[in-house]
């Protein structure tokens, strides 16, 4: 018997029998491409067997959990502030986990209400206004700084590091400052690795073959999570259990595979070029941002086929339920049929608020006997139904609750799906050649334009 | 002589001579549609004359500035916390202003460093996790609550209000609580207006004919701005001066008009369905979110032409420089040619940080003699140049600095542009019929599904 998966999914509203043949996938379209899906899946399994998709094996890495947990304990004991310097994949995974599992206003809580943990800041930009504002609200002497860069050469991260290291050394002296840094980078190569060795900074390794946007289950995502107080074993366990389920279930029961297949069919048969992620939870906004990078960088690729260039990639969009009902829904309902809506729902909220009966005006009668969490849920269901009736393709992923275990499964689901979707489109999910030209142009201009 | 505008724009990289005829607008395409632009502009001027575009006249409204300023002073004197309850257009304008003109970590500053002003929270969702987290970090007794809804009937806002009002009354008693509310709503109609009159809550009017997404220059946006300490006269003055410039300049010198025209041509001649706003400033992220609503709800419309349905609307996307270079740029460089990139740049940052010379490793040599603000600027220029070379259409809006005056002009620019772009597409910028079905479905389900 197939085990049951840690999270649920539903792709019925992608199908022609629900939303019509113009925008829904027909039986025929499904059948025509199914052999290709099978072939891709077999290649994927083959690739996994020979270790070519190591990002999906990460929950099993040895010793990392113990190392990260021990280091996080140290950090929690010695710091009131924890800064993560990183950009793109070096920041988005950590943000996704921290925002999902801790209160929205975490940094405004007292130390006691934070469970003794430090305030946490992800610095993922090089805006001087932001850095200046940060320095106004932290005490550098009580700060631990986690510098994250796979290559150890990321220009923006080096810039942040240069400024913060200098400020810290000035404040507490070079020797004391050396105890404040944790460098997460390549095991051997790069400028950051060299500096860490020279200065005796603590380090964590990003394993070979795992790029930034697939690194959430490496120390890149795990250290900030553990410093926040997340049970990272639970996180990995959710990922692990979903993988176990995927290994046992049929193709049709594999939600990540089928979701990727529907995304592929939407591009190929329906020419839809936009995929919206629409979580109904303030705390999943970070996951949406992380997914947008994963989807955009993995699928947005130029490839040359039979001497013709093809440009692929659905554009990911992050929306937020229910707020964006009052911002983007008009476009989703009446704009072009160019998008798929992917809802993410949490079945039961952590702490619900029942509506009081303090107001007798007619308008409040609707709320009686409901809770705020119930309203959130009803609104998601209503909007899903309305979009479906309007012939707008949509699907849904459901978490039983928003805890480390379910979140781990969700993050694993999306990575697994992204790799497979890229393979369906015949592109490499793991490279990003398109950003190299920009990087070179920046370096060129920095070299020339001394002010 | 034409006066000079408070902000600058540049649409050269939209043109065929820069990026090629496949994706750039050709002379011919421009010329073919120019008569339509002229006609639309004349209709627009006519509409403005008879008061049909009152959202663009708002900077001139009488007495509002004084009323809002006085009320804001009161709030600053009596509160440590200021909550705005609202959703969509009732929140996004206030957020845009507050985030743009105050430090990124404003709420973490001490009261003194906040200039004596209260901590500010915009509650724009109905997630119980968020509300619960909010109640953990504020002291209700020291809070002023601004409830914002044009109709006074917005379901989500009423739900927030019901919970917060009840909690406040329980905490400090009904009489004291009545001094804590400010209701921003329709001058006469709606549930919130009725409650305000009954309970003696202070009120501010949203003028007739101004919908939520165009209400940033009404008390909807102005009160939170003034409570933060923004000089709202300066804000309105920027808007006013840009309007004055537009009244004097030629069609070709009118950046909002020409930008709207290029957006229209991109849809009609190039079939591009995505418009990205890409500010290179952490503090402009709120403006980007506000613009996404403005663009989506105003342009995303179904219309019936000669018995055929047409679905219009570019999908707006909010990106963030430089962070999204490490997230979305790969897709923008190598994905489908389906988007226009609209950069927003700030010419001089408020407080720049020069790079120290504390590191001698080769990788840091590039930074010498540069500042962090300089790096931010060079990166924007480099990415703009790289996209242009790759034949990717882009344009740029430049603010001389990020102050109330320039921000006012920017917000005015986008509203003016949105109205004109909608008119070019022959849709009504001011309605949102597509969200009504969803609202009805929510009400239906609330009525049926009592738990």
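The values are calculated or read from the model by the stated rules, or taken from the named source; none is laboratory data. Since the model is a prediction, treat every value here as computed from it, not as a measurement. Ideal geometry is used to build each Cβ from the backbone, glycine not excepted, and the neighbour counts take in all protein chains shown.
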### Query
How many of the residues making up region A:301-325 are outside any loop (DSSP other than H, G, I, E, B), over 17 Å from residue B:336 (Cα atoms) and either facing another protein chain (nearest Cβ under 7 Å) or over 21 Å from the mean Cα position of the chain (by Cα) (or both)?
2
### Query
Taking the condition closer than 30 Å to residue A:348 by Cβ, more than 12 Å from the chain's Cα centre (by Cα), surrounded by fewer than 24 Cβ atoms within 10 Å (Cβ to Cβ) and in contact (Cβ under 8 Å) with a residue 60 or more places away in the chain, does residue A:268 pass?
no
### Query
Out of all the residues in region A:116-126, is one or more more than 10 Å from chain B (Cβ to nearest Cβ), free of Cβ contacts under 8 Å to residues at least 12 places away in the same chain and either under 23 Å from residue A:226 (Cβ atoms) or assigned to a helix (DSSP H, G or I) (or both)?
no
### Query
residue A:296 versus (1) more than 7 Å from chain B (Cβ to nearest Cβ); (2) in a helix (DSSP H, G or I); (3) under 18 Å from residue B:328 (Cβ atoms): which is the lone unmet condition?
(1)
### Message
Take residue B:197 and tell me if it is without any contact (Cβ under 8 Å) to a residue 24 or more places away in the chain, in the same structural domain as residue B:132 (by TED's automatic domain parsing) and closer than 27 Å to residue B:99 by Cα.
### Response
no
#### Entry: Tally of residues being in a helix (DSSP H, G or I) and either farther than 18 Å from residue B:331 by Cβ or within 8 Å of another protein chain (Cβ to nearest Cβ) (or both) across region A:269-288
6
#### Entry: Filter result (surrounded by fewer than 22 Cβ atoms within 10 Å (Cβ to Cβ), without any contact (Cβ under 8 Å) to a residue 12 or more places away in the chain and either in contact with a helix residue (DSSP H, G or I) (Cβ under 6 Å, 6 or more places away or on another chain) or facing another protein chain (nearest Cβ under 7 Å) (or both)) within region B:326-368
B:336, B:351, B:356, B:358, B:359, B:361, B:363, B:364, B:366
### Query
Given (1) in a helix (DSSP H, G or I); (2) over 25 Å from the mean Cα position of the chain (by Cα), where does residue B:381 come up short, assuming only one miss?
(2)
### Message
For region B:185-208, give me the residue count where each residue is in a strand (DSSP E or B) and crowded, with 24+ Cβ neighbours inside 10 Å.
### Response
1
### Message
Can you go through B:383, B:378, B:442 and tell me which one is within 30 Å of residue A:375 (Cα to Cα), at pLDDT 95 or above and at the interface with another protein chain (Cβ under 9 Å from one of its Cβ atoms)?
### Response
B:442
## Note on the structure
Scanning region A:141-157 residue by residue, those in contact with a strand residue (DSSP E or B) (Cβ under 8 Å, 6 or more places away or on another chain) and closer than 30 Å to residue A:231 by Cβ turn out to be A:142, A:143, A:144, A:145, A:146, A:147, A:148, A:149, A:150, A:152, A:157
### Task
Kindly list the number of the only condition in (1) buried (at least 20 other Cβ atoms within 10 Å of the Cβ); (2) farther than 26 Å from residue A:330 by Cβ; (3) at the interface with chain A (Cβ under 7 Å from one of its Cβ atoms) that fails for residue B:396.
(3)
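Please work out if residue A:257 is facing chain B (nearest Cβ under 10 Å), surrounded by 21 or more Cβ atoms within 10 Å (Cβ to Cβ) and touching a helix residue (DSSP H, G or I) at 6+ places or on another chain (Cβ under 8 Å).
In short, no.
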### Query
Do we have any residue at all in region A:144-153 that's buried (at least 23 other Cβ atoms within 10 Å of the Cβ), outside any strand (DSSP E or B) and outside the structural domain of residue A:293 (by TED's automatic domain parsing)?
yes
#### Entry: Test set (1) outside any helix (DSSP H, G or I); (2) more than 12 Å from chain B (Cβ to nearest Cβ); (3) modelled with pLDDT of 95 or more - residue A:47 fails condition number
(1)
### Message
Quick check on region A:209-228: of everything there that is assigned to a loop (DSSP other than H, G, I, E, B) and at pLDDT below 95, which residue is surrounded by the most Cβ atoms within 10 Å (Cβ to Cβ)?
### Response
A:210
### Message
For region A:55-91, which positions are closer than 20 Å to residue A:428 by Cα, away from every other protein chain (no Cβ under 14 Å) and surrounded by 17 or more Cβ atoms within 10 Å (Cβ to Cβ)?
### Response
A:55, A:56, A:58
